[in-house]
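K.L.:
Dropping a structure here in structure tokens format, bear with me for questions.
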Amino acid sequence: MKTRDLAYIALFAAIVAVLGQLPAVPVPGIPVPITAQTLGVMLAGSVLGAKRGGLALLLFLAVVAMGAPLLASGSGGLGVFVGPTAGYLYSWPVAAFVIGWLTERFWRRLNLAWALVANLLGGIVVIYAIGIPFTSLYADVPLSVSATGSLAFIPGDVVKAVAASVVAVAVRRAYPVIELPGRRATAG
Amino acid sequence: MLSLYAPGTSPVHRTRAGLKLAALAALGTGLFALPRIEVVAAALVGVLVAGLVVARLPARALWAQVRPVWLLLAALFGVHLLVTDALTGTVTVLRLLTLVLAAAVVTATTRVTALVAVVEWLLRPLEVVGVRPARVGLMVAMTLRFIPVVAERAARIREAQAARGASGMRLGLLVPLLIQVLQLASTLGEALDARGADDVPARRPRRA
């Protein structure tokens, strides 16, 4: 991995942090607000690809664990990793990796539709598939309860997936970061 | 603003970071292995004594970490009243509260540099597959440095777009922002390479 890749990874960790500082939308009745932070997860995967996107989110979580209050609620430190909704945090690097992996598969023909497939699968299905059972096991509540609590977030997540896909297609045209293995021959 | 560390010289502050993290992991495992009210209550009291009495942390430093989750804990207790019973609910909620407080104590009494050192130590076995643990500190520093840069670039682009009559176009902001900061990161990577960041260190440090 080249130094430039390290800079890209740190950059997207920072972008996820900045997106967390945007005003959050409170959901009535549910103690977790809708934030722009998962938009950063989707962008990291669809701009950087699997490996660098996943590492960017791991780095972000590491910086949060070291005590930087960079999550949307202004929280940070090790406490957020042992809370009842920590599963969603743990899902972020996996989600970014899956989005990146799919984006790399679709790279040659990437348009809004393919980008949307990657972001919906990785950014919504993967995150909920990890977050919901985690809360259920960890907080000892039935799966149906933690799943119902997550439903309110689906519309917001779909909006974010569309936004991330539009941006990903535009950035690919102007400043492609993902390189296909076959075309990397000239790069060091 | 960017750290939750509260300086001090207490025994908790002076305990090695790796030991505190190991204790936190052990506490988490123990509380899930023994879900009994007296165990959980004792752990909660122990954590509060360690944080407030021994480490002399201000109560609001701990509260700041509990605040984001307390509504969730209350909701959780409500769910347990409906599907199980009050005792199970109390144990579950107190267990989570104890872990969040214990993690807050570790965060508030441990320097970022010490935590970076622990992460580097944990990554050391991965050296055989080409991971370079010494880069963790560099990456953390780059992330913290990029945060104000990204925020400042975003504000500048928003102003420029407003001057041209655009308003409230969040997506129209993201594309130029990403392209600008990607170029910036690429330049930073080249600059670091020019200063020797890309040199693969010898297995044993050697002096030239």
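K.L.:
What number of residues within region B:165-174 are open to solvent by 100 Å² or more (accessible area, probe 1.4 Å) and modelled with pLDDT of 85 or more? Steps first, answer last, please.
P.N.:
To start, the set of residues in region B:165-174 that are open to solvent by 100 Å² or more (accessible area, probe 1.4 Å) comprises B:169-170.
Narrowing further to those that are modelled with pLDDT of 85 or more: none.
Adding up the residues that qualify gives 0.
K.L.:
Considering only residues that are open to solvent by 60 Å² or more (accessible area, probe 1.4 Å) and either of a type in the set (A, V, I, L, M) or under 21 Å from the mean Cα position of the chain (by Cα) (or both), which ones fall in region B:145-161?
P.N.:
B:Arg145, B:Pro148
K.L.:
Which residue out of A:Gly122, A:Gly131, A:Gly156 is in contact with a strand residue (DSSP E or B) (Cβ under 8 Å, 6 or more places away or on another chain), assigned to a helix (DSSP H, G or I) and in contact (Cβ under 8 Å) with a residue 40 or more places away in the chain? Show your work before the answer.
P.N.:
On the way: A:Gly122 fails: in contact with a strand residue (DSSP E or B) (Cβ under 8 Å, 6 or more places away or on another chain); A:Gly131 fails: in contact with a strand residue (DSSP E or B) (Cβ under 8 Å, 6 or more places away or on another chain).
Testing whether each residue is in contact with a strand residue (DSSP E or B) (Cβ under 8 Å, 6 or more places away or on another chain), assigned to a helix (DSSP H, G or I) and in contact (Cβ under 8 Å) with a residue 40 or more places away in the chain leaves just A:Gly156.
K.L.:
May I ask you to say which residue of A:Gly54, A:Gly123, A:Gly49, A:Gly45 is under 30 Å from B:Ala17 (Cα atoms), buried (at least 18 other Cβ atoms within 10 Å of the Cβ) and of a type outside the set (A, V, I, L, M, F, W, C)? Before the answer, list the steps.
P.N.:
On the way: A:Gly123 fails: under 30 Å from B:Ala17 (Cα atoms); A:Gly49 fails: under 30 Å from B:Ala17 (Cα atoms); A:Gly45 fails: under 30 Å from B:Ala17 (Cα atoms).
Selected residue: A:Gly54, the only one of A:Gly54, A:Gly123, A:Gly49, A:Gly45 that is under 30 Å from B:Ala17 (Cα atoms), buried (at least 18 other Cβ atoms within 10 Å of the Cβ) and of a type outside the set (A, V, I, L, M, F, W, C).
K.L.:
Also: In the list A:Ala72, A:Ala86, A:Ala36, A:Ala95, which residue meets the criterion of being within 13 Å of the chain's Cα centre (by Cα) and at pLDDT below 95? First the steps, then the outcome.
P.N.:
Working: A:Ala72 fails: within 13 Å of the chain's Cα centre (by Cα); A:Ala86 fails: within 13 Å of the chain's Cα centre (by Cα); A:Ala95 fails: at pLDDT below 95.
After ruling out the rest, the residue left standing is A:Ala36.
Let's see how each residue does on (1) among the hydroxyl-bearing types (Ser, Thr, Tyr); (2) more than 30 Å from B:Leu138 (Cβ to Cβ); (3) modelled with pLDDT under 90:
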| site | (1), (2), (3) |
| --- | --- |
| B:Ala42 | no, yes, no |
| B:Leu73 | no, yes, yes |
| B:Leu76 | no, yes, yes |
| B:Thr107 | yes, no, yes |
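K.L.:
Please specify each residue of region B:2-35 satisfying the condition of being buried (at least 16 other Cβ atoms within 10 Å of the Cβ) and of a type in the set (Phe, Trp, Tyr).
P.N.:
Scanning region B:2-35 gives a single hit, B:Tyr5.
K.L.:
Any residue at all in region B:13-26 that's farther than 21 Å from B:Ala114 by Cβ and either over 25 Å from the mean Cα position of the chain (by Cα) or not β-branched (Val, Ile, Thr) (or both)? Spell out the reasoning first.
P.N.:
Initially, region B:13-26 is screened for residues farther than 21 Å from B:Ala114 by Cβ, giving none.
No, that holds for no residue.
The values are calculated or read from the model by the stated rules, or taken from the named source; none is laboratory data. Just so we're clear, the structure is a prediction, and the values are computed from it rather than from any experiment. Reconstructed Cβ throughout: ideal geometry from the backbone, glycine too, with neighbour counts over all protein chains shown. Accessible surface areas use protein heavy atoms only, side chains included; no ligands, DNA or RNA. Shrake-Rupley method; radii C 1.70, N 1.55, O 1.52, S 1.80 Å.
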